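One structure is given here, and the rest of the page talks about it.
The values are calculated or read from the model by the stated rules, or taken from the named source; none is laboratory data. Values in this document were obtained by computation on a predicted structure and should not be read as measured data. Reconstructed Cβ throughout: ideal geometry from the backbone, glycine too, with neighbour counts over all protein chains shown. To get the accessible areas, we keep the full protein, side chains included, count just its heavy atoms, and leave off ligands, DNA and RNA. Shrake-Rupley method; radii C 1.70, N 1.55, O 1.52, S 1.80 Å.
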Amino acid sequence: MSNHRSNQRKTLFQVFLLLVAGSVAAAQDLSHAPNPWRPAETIGGHAVGDFVSAEFDAPATDAEAGAEAAPCDCPNCRQARERGAAARGRTTCCRGREVTWAKIPATIRPMPRPGNFSIPPPPGPGYFSLWDCVTGHCRDKAPPSGYPSFALMPPPMFDADFRYAETLDPDERTLVEDLKRIPLGDCLMFSTGGQFWLRYMDEGHSRLTTVRNDYTLGRVRAFGDLNINDRVRVFGEFVWGDSFGEELASPPTDVNRGDLLNLFADVRLFDVADHPVYVRGGRQELLLGSQRLVSPLDWANVRRTFQGVKVFRQGDAWDFDAFWVQPTPANPNEFDSPDENQNFAGAWLTYRPEKGRFLDFYYLFLDNSNAVTQQGITRYPAEIHTLGTRWTGDMSGLLWDAELMLQLGQQQQQDLLAGAATLGVGRHWKDTCWSPTVWVYYDYASGDANPNDGNFHTFNHLYPFGHYYLGWIDLVGRQNVHDLNAHVYFYPASWVTMFVQYHHFWLNHGADALYNAAGVAYRRDPTGAAGNNVGDELDFVANFHLARYSDLLLGYSRLFGGDFLRGTASPTQAADADLFHLTFSQRW
């Protein structure tokens with residue numbers, strides 16, 4: 001064991017060497033030397049919000065930058081120019097149509113606000129990375145980027161918005177921007193990029209066992225994006241992920257030694273109210289609404305993906321998605337295949353009356369014919385219909401977030417009736433030092449006093465971003481639970497994000513199980529004698545934006561077990577747990 005610990009320390013030291021090396025490279029911004037004769041205010045764009053920010057808005061373009069191509073000599077194109085349609089960025093003549101590339105791809109979707117979001121400091125001059133501080137480079141505003149200034153990136157790579165690069169002077173582009181939006185003639189454009197990350201995990205009482213589990217995760221993602229004017233888009237993304245030095249068997253989300261995370265084509269079908277409707281077919285990640293029910297789950301070393309078809313439209317105020325897909329679980333050593341025993345379909349309508357405000361209405365259907373029993377509870381087969389709505393936004397520093405979810409259907413031979421609800425209120429002080437945001441939330445998901453009595457009432461959280469909402473140790477999922485929680489976010493500097501979370505968990509029914517973030521029932525007292533007090537969790541997380549495309553994330557979490565965990569403990573099962581994690585992320 002001592003040799004193992006020594007090897008782990010060596011591994012951790014090697015990780016830090018890689019972090020330093022990567023940080024030095026990233027600190028150079030992988031950029032060309034800036035033109036000292038160009039005014040700073042014309043360098044263009046603004047940064048995308050970070051992981052917990054208000055929302056992932058597309059960076060603004062600079063109307064005065066960029067050069068227009070030779071006019072397209074056709075009546076429609078001349079009329080378009082007269083209306084000012086080609087006023088920004090590069091334009092080409094593609095088969096008799098004028099194409100404004102700064103608007104392509106039109107299928108990029110800004111990420112909706114998640115729950116318990118924070119609001120970064122207001123725009124203004126400052127140091128926006130550690131490298132800016134080291135070099136004394138005070139910027140008028142955050143530099144543009146299609147990536148968030150945070151180690152985690154919940155939205156898919158195909159929603160990374162580099163359209164602003166069309167208006168940048170070539171001398172001002174970084175190498176990362178040079179890899180994006182490469183013209184291949186008048187009708188084609190290609191982009192590429194990706195991410196490398198390393199994460200060290202030290203889990204005390206890992207998964208509420210008595211094992212201390214410290215290990216290292218590695219991940220590489222690389223994508224190619226081909227646009228055929230504004231009609232067709234083909235996007236593919238490779239992923240490799242592995243785990244090293246673990247004491248317990250790796251969960252399915254940690255290892256996938258080379259596969260396709262995304263491979264799809266978008267085809268423009270027609271326009272509705274001057275906005276295009278697209279169909280997407282193939283392997284694809286899904287992100288809907290608050291991500292409480294459907295998320296790519298970026299904390300996982302191997303993100304969640306599906307295979308199927310989706311029809312979608314994004315308008316000025318109304319967005320619509322309809323889909324049918326099958327989950328595609330990671331297979332560590334073979335090519336991933338969709339689980340044909342699971343069919344997931346739905347329709348999602350979003351209304352955005354004002355910037356930063358979202359009103360969702362949705363219907364989701366899961367048909368899972370796999371036979372799954374956990375802790376004596378028959379989980380599947382099941383047919384689950386989920387109806388829900390959500391309203392979130394802010395006004396004059398007041399923040400709110402509310403979501404209601406109702407489930408009907410069949411669980412094995414039992415009738416299903418379950419529900420979940422969340423309500424949060426918060427406050428943001430934009431003119432206060434460190435720009436703090438504070439939230440108080442109550443989360444509820446129904447459970448069952450007798451899960452096998454002919455009627456089933458335990459809520460199923462489907463495919464969530466559970467890690468973000470119910471504690472970073474991932475020991476509690478949105479099933480059979482009450483969670484009274486509070487969140488405090490603050491920004492000690494423009495390149496530092498910190499937040500603290502507190503959770504008090506208790507079971508809805510003591511005879512039902514405790515479910516983890518993956519939805520697995522893993523601790524239970526069928527008699528209910530252990531009570532329902534699960535315990536309290538405290539999470540601290542800090543992100544340091546090292547350079548424009550580089551981040552360092554670290555955190556510590558501790559779960560203090562309550563009566564339920566102490567009552568169900570054993571010589572091999574613990575009542576409390578802790579986690580230290582350290583992640584370096586480099587994107588390109």
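Right, Asn341: surrounded by fewer than 20 Cβ atoms within 10 Å (Cβ to Cβ) and closer than 25 Å to Asp448 by Cβ or not?
yes
Give Arg257, Arg283 a once-over and let me know the one that is part of a strand (DSSP E or B), closer than 23 Å to Pro112 by Cβ and of a type in the set (Lys, Arg).
Only one candidate qualifies: Arg283.
Would you mention how many residues in the range 217-232 are open to solvent by less than 10 Å² (accessible area, probe 1.4 Å), out of contact with any Gly (no Cβ under 6 Å at 6 or more places or on another chain) and either farther than 20 Å from Asp178 by Cβ or at pLDDT below 95 (or both)?
Number of matching residues: 2.
Considering only the range 351-389, how many residues are open to solvent by 50 Å² or more (accessible area, probe 1.4 Å), hydroxyl-bearing (Ser, Thr, Tyr) and within 29 Å of Arg313 (Cβ to Cβ)?
Total satisfying the criteria: 2.
Go through Glu237, Glu247 for me and flag whichever is at pLDDT 95 or above, assigned to a loop (DSSP other than H, G, I, E, B) and either open to solvent by 30 Å² or more (accessible area, probe 1.4 Å) or farther than 23 Å from Leu554 by Cβ (or both).
Criteria check complete, one pass: Glu247.
Do any strands (runs of 3 or more DSSP E) lying entirely in the range 89-163 carry at least 1 residues that are out of contact with any helix residue (DSSP H, G or I) (no Cβ under 7 Å at 6 or more places or on another chain), in contact (Cβ under 8 Å) with a residue 24 or more places away in the chain and under 25 Å from Gln291 (Cβ atoms), and which ones are they?
It comes to 145-148.
Say we look at the range 469-484 and pick out the residues that are open to solvent by less than 20 Å² (accessible area, probe 1.4 Å) and touching a residue at least 60 places away in the same chain (Cβ under 8 Å); which of these is nearest to Ala151 (Cα to Cα)?
Across the range 469-484, the extreme among qualifying residues is Trp472.
Examine the range 176-183 for a residue that is over 15 Å from Tyr549 (Cβ atoms), among the aliphatic types (A, V, I, L, M), open to solvent by 20 Å² or more (accessible area, probe 1.4 Å) and without any contact (Cβ under 8 Å) to a residue 12 or more places away in the chain, and state whether such a residue exists.
yes
Among the numbered criteria (1) outside any loop (DSSP other than H, G, I, E, B); (2) at pLDDT below 95; (3) not hydroxyl-bearing (Ser, Thr, Tyr), which single criterion is violated by Trp348?
The number of the failed condition is (2).
For Leu408, which of the numbered conditions (1) touching a His at 6+ places or on another chain (Cβ under 6 Å); (2) open to solvent by less than 70 Å² (accessible area, probe 1.4 Å); (3) aliphatic (A, V, I, L, M) fails to hold?
(2)
Could you tell me which numbered condition Asp266 fails, if it satisfies all but one of (1) acidic (Asp, Glu); (2) closer than 25 Å to Ser250 by Cβ; (3) buried (at least 17 other Cβ atoms within 10 Å of the Cβ)?
Tallying (1) acidic (Asp, Glu); (2) closer than 25 Å to Ser250 by Cβ; (3) buried (at least 17 other Cβ atoms within 10 Å of the Cβ), Asp266 fails exactly one: (2).
Scan the range 375-401 for residues that are assigned to a strand (DSSP E or B), of a type in the set (S, T, N, Q) and modelled with pLDDT under 95 and jot them down.
Thr378
Here is a list: Gln407, Gln326. Which entry is more than 25 Å from Gly281 (Cβ to Cβ) and either part of a strand (DSSP E or B) or of a type in the set (Gly, Ala, Ser) (or both)?
Answer to the selection: Gln407.
When you look at Asp319, is it more than 22 Å from Arg219 (Cβ to Cβ) and either modelled with pLDDT of 95 or more or open to solvent by less than 10 Å² (accessible area, probe 1.4 Å) (or both), yes or no?
Spelling it out, Asp319 is indeed more than 22 Å from Arg219 (Cβ to Cβ) and either modelled with pLDDT of 95 or more or open to solvent by less than 10 Å² (accessible area, probe 1.4 Å) (or both).
Say whether the condition of being among the β-branched types (Val, Ile, Thr) and without any contact (Cβ under 8 Å) to a residue 12 or more places away in the chain is met by at least one residue in the range 446-460.
No: the range 446-460 contains no residue that is among the β-branched types (Val, Ile, Thr) and without any contact (Cβ under 8 Å) to a residue 12 or more places away in the chain.
Every residue, every condition in (1) touching a residue at least 40 places away in the same chain (Cβ under 8 Å); (2) of a type outside the set (D, E, K, R); (3) at negative phi, yes or no:
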site	(1), (2), (3)
Asp230	yes, no, yes
Val234	no, yes, yes
Val277	no, yes, yes
Leu297	yes, yes, no
Thr305	yes, yes, yes
Asn333	yes, yes, yes
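Can you find even one residue in the range 447-468 that is surrounded by 18 or more Cβ atoms within 10 Å (Cβ to Cβ), among the β-branched types (Val, Ile, Thr), touching a strand residue (DSSP E or B) at 6+ places or on another chain (Cβ under 9 Å) and over 19 Å from Gly376 (Cα atoms)?
Looking through the range 447-468, none of the residues is surrounded by 18 or more Cβ atoms within 10 Å (Cβ to Cβ), among the β-branched types (Val, Ile, Thr), touching a strand residue (DSSP E or B) at 6+ places or on another chain (Cβ under 9 Å) and over 19 Å from Gly376 (Cα atoms).
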